[in-house]
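Worksheet: the structure to be examined is printed underneath.
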Amino acid sequence: MHFQQTQSTGPGAEREEPKSPKSFIAKSSSLPFGQDLPLESIGGPTYLTAQTLVQQVAYTLSDKIFAYSAEAFDLDIAAKLWQEQGQKNAFGYTTDVSSLETRTGAGAIALGYIFSRDFDLKKRHIPQSIIASSATLHYLRPTLDQLSLLYSVANPLTAHIAAIDYTANSSEGLVTDYISSLTLAEDLGLGLVCSPSVFETQHMSLFATLMSSVLPTLHTYDGITVGRETARLVDTLDQSRLHANYDAVLQAVSEVDKKHLDNAGRVVRLLHAFNDELGEDYKLFDYYGHEEPESVLVVFGTVEASLTAQVATALAKDGDRLGVVNVRVYRPFVEEAFLEALPPSTQNIAVLGQVKDEAAVFDAAEYSRLYSDVLAAVQLAFDRNIEVTDIKYSREQVWTPSNILDVFQQIYGERTQSEELRSYVDILNTADVRQYTFWDLDESSAANAPIVLGKLLSSDSSKNVFVRTSHDNLVRGGVARTDIRNADYTIEAPYAVDQADVTYVGDETLLQEFDVLNNIKGDSSLIVKLPGAKDEDIEKRLSPALRKNIVGKDVELFVLDPSLSESVAANPMLETYLTQLAFLKIAREDLFTSAVSKLAAINGSPEIFEKLAHELEIALREISVPVEWATVEEGVQPLHLPSDVNVNSFSSFDRIESEPPTLLKTWTVAAKGLAFKEAYGTATALRPDLGVKTAVAHVKEHRRLTPESYDRNIFHIEFDLGTSGLTYAIGEALGIHAENDKAEVEEFIKWYGLNPEEVVEVPSREDPSTLVNRTVYQSLIQNVDIFGRPPKRFYEALADFADDEKEKTNLLTLAGPTGATEFKRRAEVDTVTYADILLQYPSAHPSFHDIVRIVNPMKRREYSIASSQHVTPTSVSLLIVTVNWVDPKGRDRFGQATRFLNGLKVGAPVTVSVKPSVMKLPPKTTAPIIMAGLGTGLAPFRAFVQERAYQKQQGHEIGEVLLYMGSRHQREEYLYGEEWEAYQDAGIITLLGRAFSRDQPQKIYIQDRMRQTLTDIRQAYLAQEGAFYLCGPTWPVPDVTEVLEEAIVVHAKSEGKKKVDSRREIEVLKEAQRYVLEVY
């Protein structure tokens, strides 16, 4: 801890209280590094944002600023501070900044001010400015319309428009909106200028202000990415230079120009004077690319201009004859200047034009605004035919080098000189540019760490640092992604980092929300914060798909465990400092020693950083990545997650209230989450507590296959999938998410004294960080396995709640070694349930939220699917036997899932999911299949036979189908018997071996029927390389395998082989997936 030295006051002077660590607060993403900056500090080489530069120009050269900024947008945050500080504008007084609401009639106050009777006419030449987002333009239209008609007697007016709007009709949240500016400029005859990069924002703001001396002018720029990225600008104009340049350009434009030129001519003259004064070579239309292109793309927009220019330049270096024309000044659209920008070799032109939404993109009758201007300019200008096409995109489109490349390939792919179609274009030299990405929750105490690190890296004047933070407040209650680029030279990269050298993940749940590894390059480093993680737990806490990608990209994996730091454990707010050090240790170890003092100058204190630097040796460790991670189990799906956040805010989510989980609440808690989904991070999903993709199916058919008088109830149940979109493959299993019996649940609620309507908020059992709301009744019906069999740990956990010492001792005994015999009797003979135990030990009466915690969740029950979706595309079938018995007390007991299924009526809804299986047909339709099914083990083979019948119907040649089935009695348990015989008559089943064990004095089992037809098995299985499948109970496995081993030995002898290891051959067949068991 840093202590401030007391001033000398003579002997006995008392020491002052220790200073608190210096805190770093990022005030707004609109400001450089989120920090306020004085107006006079802007000038020369400095770190700024485009949004700050816009405000600097507007404040310096305006009499008054009318600001229409949503609270979180902070479009006017710097200007308001400068006004509060009394900063003077170029005209010697404080600019008045009026923050106004965006609503109908929004611009009336601006119009009223300009034309008010008491307006000081000496200020008539001083520009007025509007700072707003494109979402405001609709409300400003009437004002701008009137102003354009009265402009000859009005002040010059410049509207600086951040191209941002919010859309509720898509998942994107915030969208980049140029179409509003394009439409308004065309309809009202306004000027329109666009800044193509952060480096030109100040100049284009100045030029737009100069253009307002000719006509009311809009200046637009990207407000989501470029407008908020902190970047180093080398030659920034300070206030005095801005004013001097402004006056000089206006003086250079003579009165003669005003009288003899139209608006287009005056703008051209103005730009020439502007270039002469600033020593630049700006054009109304800038061309980039091949010197002799055949095809040219025309674009408008900040990111669009920057990326297309860089991608076109890269492609042109490889000989691709293409180029890009960036429209800097859209209105007035000076056709002569546009045609001059087009190289003479141009044969076709494509226009990348923004339209409002996806519907407009696919509407053939709608064209982009830019396309109409380009088409009109080209049609009569050339004596040769030049094709002009319109490539429309919606406001939701987020541009990257990859999808810009897709645009080029869409148009010019067949004309490129590359031997292979490109899938990626690198516009950055990654050898000179280091890139870092940070993912964290907004509420994390380390959320500001990447901004601090960016500021630290910016202290090296030989480097150029770029920092940008994006917020997605609809995921996990608020997620922030921060990108840092550190380059040896000036770069333009207006897109998210996609080749990170080091990635930091501040919460492991984010790995379930985003494909973080999609944004990192090979041989990079990944730091994941995993509090309390032991080395043996790492594999469990990372998904199989993520582990595979870590190996595939040769990623170095590091774990940061703040709980191992004594300082952080004592004060969690110190975690941000530990995170900063951890990043430097991995990313910039060369700075680690010197960084302690530099970081302390930004936040914290030297003493804190020095102590944490020592504790980091324990808190940060590298994890050895085993090569086995590259192999995942069959059925594990690859990651299909977004690789970037959807930007829907510019600030973190402001949490109003917090409540601990697993507490009983009223229905109003759930109602708040449903009514205010964004604020509470609520997502609507079908059984989100299950952790697997689910669908709702409805019972289509429920048919008992055994007689009512028979003691075994085996039934066929078929579900209608409707429009659920559920698909399944041959051999897969259907997961049934069953419910507890309603009568029993109601009885339990009554005697336990619960309120069924109270809401309990509990962590999902698949993902403890996801909270789900349930009523007590719903929890007992769908979530809590209260009628399941309790393990030993339940007895131990219940003992903590027992007030009676005897009951407590009894419970602990049952949970320990001495009670093993009694525990086994209870579990296997008495088949007691959680509810039985709670009833037996009344002094142990945990609250319901504790019951949720100590009672296991209900698990889905999986049943082999008995149908082929090719045959029944909208339904799925199961073959079920009910499980029921009578316990020693004479009580009827039931299997929870089969009881649930048996009680379903036609039309009843059921939550289902699909699970992959090892039961798969051979790849070749001609390969024979031998199937052995006992009882309900016939289910997957019904699907197999249906699929083979379908394949034959489609004209495919199919192999032999041998089906062996076993049950007790043919009369009662000839399951699907008529179907098998029909398939046999149709030539699908070539051999039907039926074994009914109790229909004759001597018992005949399935292995006996197989042995009787050994020749058929040899031919199909071994000679024709078929596949064997067994499904059912485990007991016949040794006998059935013995028959197959006999077949192997006999077949080997028939081929002249003297000796064969039949057991080894079975293992070989297993490896080849020709010996498949699914037993239980």
Alpha-carbon radius of gyration plus Dmax, which is the widest Cα pair, for the stretch 911-979 in Å: 13.7, 38
Does anyone have the angle between helix 302-317 and the longest principal axis of the chain? Alpha-carbon axes, 0 to 90°, nearest 10? 80
Towards the positive end of the charge dipole of the chain, with charges on Cβ (+1 Lys, Arg; -1 Asp, Glu), say which of GLY478, TYR964, ALA802 has the farthest Cα. TYR964
Going by alpha carbons, how many degrees (0 to 90, nearest 10) lie between the helix axis of 1062-1071 and the longest principal axis of the chain? 30
Within the chain: Cβ-based charge dipole about Cα centre, in debye rounded to nearest 20 (Lys, Arg +1; Asp, Glu -1): 2220
Could you tell me which residue out of ASN326, ALA619, ALA341 lies farthest along the dipole of the chain toward its positive end? Charges go on the beta carbon: Lys and Arg +1, Asp and Glu -1, centred on the Cα centre. ALA619
With the 8 Å Cα cutoff and a minimum separation of six or more residues, the stretch 824-927 has a relative contact order in percent of 18
In bins 5 Å wide, starting from 0, what share of all Cα pairs of the stretch 433-630 does each bin hold, as a percent? 1, 7, 17, 20, 21, 17, 11, 4, 1, 0
Counting only heavy atoms of protein chains, what accessible area per residue, in Å², does the chain have with a probe of 1.4 Å? 45
What part of the accessible area of the stretch 42-238, given as a whole %, is carbon or sulfur when the probe is 1.4 angstrom? 50
Whole-Å distance linking the alpha carbon centroid of the stretch 1031-1080 with that of the stretch 465-542 is 51
Cα-centred dipole magnitude for the stretch 357-406, charges only on beta-carbon of K, R (+1) and D, E (-1), debye, nearest 20: 180
Kirkwood Rh over Cα pairs of the stretch 778-897 into Stokes-Einstein at 37 °C, 0.692 mPa s: D in µm²/s? 199
Share of carbon and sulfur in the accessible heavy-atom surface of the stretch 292-412 [1.4 Å probe, %]: 48
Can you bin the stretch 546-602 into rounded, prolate or oblate? Criterion: square roots of the alpha carbon gyration tensor eigenvalues sorted a ≥ b ≥ c, rounded for a/c under 1.5, prolate for a/b above b/c, oblate for the rest. oblate
Using alpha carbon centers only, the stretch 784-851 is separated from the stretch 569-648 by a whole-angstrom value of 43
In what order, largest first, do GLU747, GLU539 sit by accessible area if the probe radius is 1.4 Å? GLU747, GLU539
If you take every DSSP beta bridge whose two residues both sit in the chain, what share of them, in percent to the nearest 5, is antiparallel? 50
At 20 °C and 1.002 mPa s, the Stokes-Einstein diffusion coefficient in µm²/s for the chain, with hydrodynamic radius from the Kirkwood sum on alpha carbon pairs, is 61
Give the Debye-formula value of log10 I(q)/I(0) at each listed q (0.14, 0.19 Å⁻¹), with one equal scatterer per alpha carbon of the stretch 929-1079, two decimals each. -0.68, -1.20
In deg cm²/dmol, rounded to 500, what helix-only [θ] at 222 nm does the chain give when every DSSP H run of at least 4 residues adds -39500 (n - 2.57) and the total is split over its residues? -9500 deg cm²/dmol
Mean separation of Cα contacts under 8 Å, 6 or more apart, over the residue count of the chain: relative contact order %: 7
Starting from the Cα gyration tensor of the stretch 716-829, take the square roots of the eigenvalues, sort them a ≥ b ≥ c, and report rounded, prolate or oblate (rounded when a/c is under 1.5, otherwise prolate if a/b is larger than b/c, else oblate). prolate
With just the Cα atoms defining each centre, how far is the stretch 271-297 from the stretch 697-753? Give it in Å. 71
Roughly speaking, what % of Cα-Cα pairs in the stretch 320-363 are separated by over 13 Å, rounded to a whole number? 67
Cα axis of helix 939-953 to longest principal axis of the chain: angle in degrees, 0 to 90, nearest 10? 70
Relative counts (whole %) of C-alpha pair distances in the stretch 325-479, using bins that are 10 Å wide: 8, 24, 27, 23, 15, 4, 0
Pull up the cross-link candidates among the lysines for LYS700, meaning alpha carbon to alpha carbon under 28 Å and not fewer than 8 places away within one chain. LYS742, LYS859, LYS905, LYS915, LYS920, LYS952
Mean shadow area of the stretch 42-238, taken as a quarter of the surface of its Cα convex hull (nm²): 10.8
So, by mean Cβ neighbours within 10 angstrom, what's the order for 970-980, 558-568, 883-893, 428-438 with the highest one leading? 558-568, 428-438, 970-980, 883-893
Can you list the aspartates and glutamates whose alpha carbon sits under 13 Å from that of LYS534, skipping same-chain ones fewer than 8 residues off? ASP561, GLU622
Considering only DSSP beta bridges whose two residues both sit in the stretch 144-219, what percent are antiparallel, to the nearest 5? 25
What lysines could a cross-link reach from LYS463, if we take a straight Cα to Cα line under 23 Å and drop same-chain neighbours fewer than 8 places away? LYS455, LYS521, LYS585, LYS598
Area of PHE91 that stays accessible when all protein chains are in place (1.4 Å probe, Å², to 10): 60
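The values are calculated or read from the model by the stated rules, or taken from the named source; none is laboratory data. Values in this document were obtained by computation on a predicted structure and should not be read as measured data. Heads up, the Cβs are rebuilt from the backbone with ideal geometry, glycines too, and the neighbour counts pull from every protein chain shown. Quick note on the areas: whole protein, heavy atoms, side chains included, nothing else; ligands and nucleic acids left out. Shrake-Rupley method; radii C 1.70, N 1.55, O 1.52, S 1.80 Å.
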